[in-house]
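See structure below.
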Amino acid sequence: MRAIVLVGGFGTRLRPLTSDRPKQMLPVVDRPMIEHVVGHLAANGVDEVVLSLGFLPDAFREAYPDGACAGVPLHYAVEPEPLDTAGAIRFAAEDAGIDDTFLVLNGDVLTDLPFGELVEAHRATGAEGTISLTPVDDPSRYGVVPTDGLGRVLGFVEKPAPGEAPCNWINAGTYVLQPSVLDRIQSGRRVSVEREVFPAMAADGALFGYQSTAYWVDTGTPEAYLGVQLDLLDGVRGPSLPGVDVKATVDGADVNRSVVGPGAVVAAGARVVDSVVMAGASIGEGAVVEGSLVGSGATVGRDARLLELTVVGHGGAVEAGERLVATRRPDEG
Ligand code: GDD
Ligand code: MG
């Protein structure tokens, strides 16, 4: 089976970390996010991945010049302009010549959902499309998907106002689709799968949902992007990963439940807890980084304090003694 992975978004909620690179190229502990996503597809029998690219496509081509990622051959489908989620699916499917049942993934989702189960459910109902669903506490950030007792989707409400969601099951961003779905998508313009295509398919009774409580996180916000990494350190998804890279320097520092990337230096007497310090960044003597994200090559001066989901962009600088609380530096809106 082939899978289209959508990786063309702007990653606005993760700025400034995504100002110069797509969010799927940001590291998740020891590898770029996309390698976690494609690795899971490979483990589930997917033998070709079509990367649906828009924003900064060269980042992927440069990282995987031989056209393979996590051992899986890649096909690059580069949109001439952002076509939104459904437009991107149609463009990528045509570009790769897909003419059989296929998978689609939001490329910023990390999950342990066994995709084979989703495909089986899809074949069992004979649906035109089947979407994976996951339960969340606050559905208002997501596409909300009520189903009947048989799994048939009754409606699709993208990002309802708080308190107005019909249920807590949301679109988990993994779909099995028949090629006929492509005919529902007008070509050459922006079309949203969530706002146009799925509501229309639901109205036709052609869309089914597959509910799963498997591990699932959309990494698109600083909180979630930090959280998935702490989960991997904590062993929430299997054996815990070491956070401090062998090429990082942390001698004499207090590093706790954190990721420290290759070439990063945490000076003696500094404290890093529940945080991510990316490749080549440096944390000065006596500085404190708590629950925060420090981009690659950034410098944090001595005795500075970064607290409560502060995000420092790649190459950013925090002066000695500065105190940043829930701050984005630089703040690019
Ligand atoms: N190629 C391409 N072109 N990709 C795009 C485009 C585009 O124009 N716009 C967005 N994407 C990609 C993003 O890179 C991301 O991987 C995926 O499509 C979803 O976009 P997000 O911006 O992350 O959407 P979201 O998180 O607000 O909501 C979506 O995901 C939720 C679950 O994670 C929706 O599908 C919701 O319904 C869903 O609940
Ligand atoms: Mg997302």
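Laboratory data are not the source of any read-out in this text; all were calculated from the coordinates shown. None of these values were measured; they are calculated from a predicted model. Counting neighbours? That spans all protein chains shown, and the Cβs are built from the backbone with ideal geometry, glycine included.
Details
- Estimated from the Cβ-Cβ distance and a Förster radius of 56 angstrom, the FRET efficiency linking residue 332 and residue 100 is about 0.85.
- In a simple Cβ point-charge model (Lys, Arg +1; Asp, Glu -1; nothing else charged), the chain has a dipole of about 360 debye relative to its Cα centre.
- Between residue 317 and residue 61, the C-beta separation translates, for a Förster distance of 25 Å, into a calculated FRET efficiency of about 0.25.
- Positive dipole terminus of the chain, leading residue within 34, 109, 259 (C-beta point charges): 259
- Measuring max minus min along each principal axis, the C-alpha atoms of the range 1-104 give extents of 39, 30, 22 Å (largest first).
- Each of 103, 324, 51 was scored by other Cβ atoms within 10 Å of its Cβ. Arranged with the fewest first, they read 324, 103, 51.
- Additional length obtainable on full extension of the chain from residue 204 to residue 236, 0.36 nm per residue less Cα span: 7.6 nm
- Spin-label model, residue 141 to residue 251: label points 7 Å out along the Cα-to-beta-carbon direction sit 4.0 nm apart.
- Rounded to the nearest 5, the antiparallel percentage of DSSP beta bridges internal to the range 2-221 is 55%.
- Nearest-20 debye value, the range 242-329 charge dipole, Cβ charges on Lys, Arg, Asp, Glu: 160 debye
- Length gained on full extension, residue 68 to residue 117: 15.1 nm, using 0.36 nm per residue less the C-alpha separation.
- Per-residue HN-Hα couplings for the range 172-185 [Karplus 6.51, -1.76, 1.60; θ = phi - 60°; Hz; x = Gly/Pro]: 8, x, 10, 10, 10, 10, 7, x, 4, 4, 4, 5, 7, 9
- When each of the peptides 286-292, 238-244 is scored by how many other beta carbons lie within 10 Å of its residues on average, the order from highest to lowest is 286-292, 238-244.
- With contacts taken as Cα pairs under 8 Å and at least 6 residues apart, the chain reaches a relative contact order of 14 percent.
- Whole-Å distance, taken between Cα centres, linking the range 1-75 and the range 189-267: 13 Å
- Inter-centroid distance (Cα atoms) of the range 278-324 relative to the range 116-180, Å: 40 Å
- Between residue 214 and residue 302, full extension at 0.36 nm per residue minus the direct alpha carbon distance yields a gain of 27.5 nm.
- With the cut-off at under 13 Å, measuring from each backbone N in the range 114-136 to a point 7 Å along the Cα-to-Cβ line of residue 150 picks out 124-128.
- Modelled spin-label separation between residue 31 and residue 187, with each label point placed 7 Å from Cα along the Cα-to-Cβ direction: 3.5 nm.
- Principal axis extents of the Cα atoms in the chain, from largest to smallest and rounded to whole angstrom, are 62, 46, 37.
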